[in-house]
Amino acid sequence: MIMGIGADTLVNYSVSQIRLDAKIGSDWMIIETVDVAEPKQFLKEISRQNPRWKPHPGKWIFRGQRDASWGLQASSLRSTGVDLGLDRELMAPMSTQREQIEAEYLLLKKFIGTMDRQGLPIPIDYDVFRTIRHRKRSNYLDQFFHTREPWPPVELFPLMALAQHYGIPTRLLDWTRNPLVASYFASKDAATEMRVNGVSNNRKLVVWAIHHAFLQDEFDGEGRIIQVITAPAAENPNLDAQLGLFIIKNPEYLDLSEPPDTTPLDEHIENRLEDANDEVLREAPFLYKITLPVNQSCSLMYLLFNEFMDASSLFPGYQGAADAVLERRLWRNAI
């Protein structure tokens, strides 16, 4: 544990390290955790002006979560009460890859059908739309299962990005280029839960940061194990407003009879880098966890509001405007 004195508060730096092979004889910081006590310092720690992001601040992307103990796990694979079923309850994750994919696909198929009935634009190729919308479920999936390609196929990425932003569980993990956006989601979710369940003195919210360029260079290529995904912003106003992008973790080989891989992204990266060479690891750390006590979440929301970071700026439209008005209840006592 390293102790540092910031301008406003004491900051604790704890380091998660992986020891390399003895022939190298070095410890490298794969994930660094920065524990912050108060919101103003928290915003300084995540700011793109912070020296930790140099020399290329634009190569880092961010994700906010209300609970720092959670790993980086996509919604459709979480074992935290996520229901993938429609006509009956199907709690994630399913017991096999085949069942998991079938459940995720059916959600997308119903989403397409509902959008089509409303006359909304659907961000997929027409031939794919026709196959999914008008043919039996087995036609598309049987062809996909036959190829044994990673799920989901690239042709469905824009559709999944849209579904993810409107609450449908997918294998996409939301990220943003703006650390304030990540802070908003972490603080709002934490403040909302605190209002319902009360204050927990031991809980922390977190903003994760990951080296975007490192992921692309080291993982996004052969085997498509981890991919960084962008989707057309013109078809997804929320994605545009939030400067959003996604990360997906695919299995190296799709065995339909095996359980789905539920290893969180952060653990997967640590495991993968155990055998990495010195040249790769000299750029570490590749991930940061910047935490703040949950009981400071309302104050953080208020500071973000003063930076014009609220629901109205992140969810364009009437619903975002209404949510921005109502979420003032979460931080009104922090003024």
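A short reminder: the numbers here are calculations on the coordinates, not readings from a lab. Predicted model only: the values in this text are computed from it and were never measured. Counting neighbours? That spans all protein chains shown, and the Cβs are built from the backbone with ideal geometry, glycine included.
When the Gaussian network model of the chain links Cα atoms closer than 10 Å, the mean-square fluctuations of 73, 296, 216 top out at 216.
For the chain, what is the calculated [θ] at 222 nm in deg cm²/dmol (nearest 500), taking -39500 (n - 2.57) for each run of four or more DSSP H residues and dividing by its residue count? Walk me through the intermediate numbers first.
Details: 14 runs with 128 residues, N = 335.
Roughly -11000 deg cm²/dmol at 222 nm, from the helical runs in the chain.
Just add up the charged neighbours of residue 33: K/R +1, D/E -1, any other residue whose Cβ is under 12 Å from the Cβ of residue 33.
My count for the surroundings of residue 33 gives -2.
Packing order of peptides 175-185, 160-170, 114-124, highest average first: 175-185, 160-170, 114-124 (average count of other Cβ atoms within 10 Å over each peptide's residues). Positive end of the dipole of the chain (Cβ unit charges, origin at the Cα centre): among 51, 167, 92, the Cα lying farthest that way belongs to 167.
Can you give the translational diffusion coefficient of segment 72-204 in µm²/s, computed by Stokes-Einstein from the Kirkwood radius over Cα pairs at 25 °C and 0.890 mPa s? Present the calculation step by step, with values, prior to reporting the outcome.
Working: Rh = 16.8 Å.
In µm²/s, the coefficient rounds to 146.
The three principal axes of the C-alpha atoms in the chain carry coordinate ranges of 62, 59, 34 Å, sorted with the longest axis first.
Magnitude of the Cβ-charge dipole of the chain, K/R +1 and D/E -1, about the Cα centre, nearest 20 debye? Display every interim value, and only then the final one.
Numbers: 36 positive and 45 negative charges, 223 e Å.
Dipole of the chain, to the nearest 20 debye: 1080 debye.
Pick out, from 180, 107, 143, the residue whose Cα sits farthest towards the positive end of the charge dipole of segment 77-204, with +1 on the Cβ of Lys and Arg and -1 on the Cβ of Asp and Glu. Towards the positive end, the residue furthest out is 180. Ordering 132, 317, 75 by Cα displacement along the dipole of the chain toward the positive end leaves 317 in first place; charges were set at the Cβ atoms of Lys, Arg (+1) and Asp, Glu (-1).
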